[in-house]
Amino acid sequence: METNTLSATMINMMDDITCRLADRPKLAKMFQNCFKNTIQTTVKRLEDQSTFIITGDIPAMWLRDSAAQVKPYLALADRDETISTIIEGVIKRQVDYVNIDPYANAFNKEANGAGHQNDLTDMSDWIWERKYEIDSLCYPIQLSYLFWKRTGITRHFDAEFLKAVKKIIGVWKVEQHHEEQSPYRFQRKNCPPSDTLTRDGLGEPVCYTGMTWSGFRPSDDACMYGYLIPSNMFAVVVLNYMEEIFTSFYKTSDLISSVTELKNQIQSGINEYGIVKHPKYGKMYAYETDGFGHYNLMDDANVPSLLALPYLGFCSIEDEIYQNTRAFILSEDNPYYFEGKAAKGIGSPHTPDQYVWHIALAIQGLTTNSSEEIEELLRLFETTDADTGYMHEGFHVDDPTKFTRKWFSWANAMFCEFIMSVVESASKK
């Protein structure tokens, strides 16, 4: 476990938020614990000036998790050189990993052959796991863009970054035609069905929709149907970022046109194939589809999720279809919405039945304008940490002392984002 010293800016921010939460001392202490967690326990600066970040209890770096883990620190990046250097180093390492293999979701610190080397796919010693997930390619672009906007720093938009982005665009274009063009296969032997793909690793059949195919969800569970709607929505947001980056720094008209075309195709596919008419909720987004008329109506705690669409920047909180979708996924009609004696919220097929995720509770708070809902979520966070002072993956709705993953940095980071949002909103009133 790496131990890093907190900067004065970090300490000042924690002290400021602690003061603003003076009437909620437990929440204040939880924020301090969680805000320090990523820096003090998961971050390692490497000799090449990149930053390697483990998820917590797994000694590998996920492209998704590592971006989410440092996202709360963006608030300090424009005035704290230590934080800025760490985040820039995360971007460098993510770009290097994408250039090694854009189909992989998690990587080793060096080419040591750790991880799932027995999976039937094109593994290498650098790769911990090679489950292809659209969001794994979205998060590094999102972090790069937000870091630029926060700090004004642009040196990470270098030749390696451009190479990685071209690979991302290439993969998304190929996976629009998964059946005919994809080189990707994935199988894992002697495992639950959620850990492998059907049809000798190709996955369930899909037809062309304009959207891009994903083998796995951000939970690392296999997709039921290959067009994962929230991940395609995240791709649309990120392609908008790419347009702005390319226009500002690379000025390559052919590349800009390619990005715009891909974005429009994916958006059209979402509009045509991703919306269903529910008899109770009206027009709403499906979680997955195959383009043949099959739909999976649910939501998952992992982000990108349907609940997270305004948080990701795909639509506004007030958007009618989003509100209809939100009403569905925060109800018992969503098969992964659970309500019990201690809590209610969204869980995941990735964890046991009746387990709610802290990540989903944070996203719920970050996508509502209701002060009553936010107050209820603050109370849930106060009472579901099992007196550990930290967030977990999932916990039982009747008994929060039953939980998964004591050391899960992504959940700690999402809790911090929510608390920072609540404090910022209060200061504006």
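Using a 1.4 Å probe, how large is the accessible area of M284, given in Å² and rounded to the nearest 10?
Approximately 0 Å² for this residue.
Could you check how much of the accessible area of the chain is carbon and sulfur, as a whole percent, using a 1.4 Å probe?
That fraction is 49 percent.
Separation of region 76-152 and region 317-343 by C-alpha centroid, Å?
Each part reduced to its Cα centre gives a spacing of 31 Å.
I want to verify a result. In a Gaussian network model of the chain, Cα cutoff 10 Å, which of these has the top mean-square fluctuation: G113, G274, G389?
Greatest mean-square fluctuation among the candidates belongs to G113.
Rounded to two decimals, what is the ratio between the C-alpha radius of gyration of region 236-296 and 2.2 N^0.38 Å?
So region 236-296 has a normalised radius of gyration of 1.48.
For the chain, with a Gaussian network of springs between Cα atoms less than 10 Å apart, report the residue from D300, D353, D48 with the top mean-square fluctuation.
Of D300, D353, D48, the Gaussian network model singles out D48 as fluctuating most.
Placing +1 on the Cβ of each Lys and Arg and -1 on the Cβ of each Asp and Glu in the chain, which of A426, V276, N302 has its Cα farthest towards the positive end of the resulting dipole?
A426
Along the charge dipole of the chain, which of L312, N232, F216 sits closest to the positive end, that is, farthest toward it, with unit charges on the beta carbon of Lys, Arg, Asp and Glu (+1, +1, -1, -1)?
L312
If you add up the charges near K167, with Lys and Arg at +1 and Asp and Glu at -1, over every other residue whose beta carbon is less than 13 angstrom from its beta carbon, what do you get?
That works out to -1.
Bin all alpha-carbon pair distances of the chain at 10 Å intervals from 0 and give each bin's fraction as a whole percent.
Cα pair-distance distribution for the chain, in percent: 5, 22, 33, 28, 11, 1.
Hey, can you grab everything whose amide H is under 5 Å from the amide H of W62? Only 5+ residues off in sequence or another chain; H modelled, so Pro and N-termini drop out.
T55, F107
Express the C-alpha Rg of region 232-350 as a ratio against the empirical globular expectation 2.2 N^0.38 Å, rounded to two decimals.
Expressed relative to 2.2 N^0.38 Å, the Cα Rg reads 1.23.
Excluding same-chain residues fewer than 8 positions from K131, which aspartates and glutamates have a Cα within less than 12 Å of its Cα?
Result set, ordered by chain and number: D101, D119, D122, D195, D220, D221.
Please give every one of the lysines within straight-line cross-link reach of K283, meaning a C-alpha to C-alpha distance under 24 Å, and leave out same-chain neighbours fewer than 8 residues apart.
K263
Would you kindly find the accessible area of R93, with a 1.4 Å probe and non-protein molecules such as ligands, DNA and RNA excluded, rounding to the nearest 10 Å²?
So the heavy atoms of R93 present about 20 Å² to solvent.
Calculate the dipole size of the chain relative to its Cα centre from +1 charges on Lys and Arg beta carbons and -1 charges on Asp and Glu beta carbons; express the result in debye to the nearest 20.
The calculation lands at about 560 debye.
So which residue, out of Q323, Q267, Q181, gets the largest mean-square fluctuation from a GNM of the chain using Cα contacts under 10 Å as springs?
Residue with maximal mean-square fluctuation among Q323, Q267, Q181: Q181.
Around H396, under 14 Å between beta carbons, what's the net of Lys plus Arg minus Asp minus Glu among the other residues?
-2
State in Å² the accessible area per residue of the chain; use a 1.4 Å probe, count heavy atoms of protein chains only, and round to the nearest integer.
38
Could you order the peptides 333-343, 225-235, 361-371 from most to least packed, using the average number of other C-beta atoms within 10 Å per residue?
225-235, 361-371, 333-343
The values are calculated or read from the model by the stated rules, or taken from the named source; none is laboratory data. In this text, all values refer to a predicted model and were calculated from it rather than measured experimentally. Note that we place each Cβ from the backbone using ideal geometry, even for glycine, and neighbour counts take in every protein chain shown. Ligands, DNA and RNA are excluded from the accessible area calculation, which covers all protein heavy atoms including side chains. Shrake-Rupley method; radii C 1.70, N 1.55, O 1.52, S 1.80 Å.
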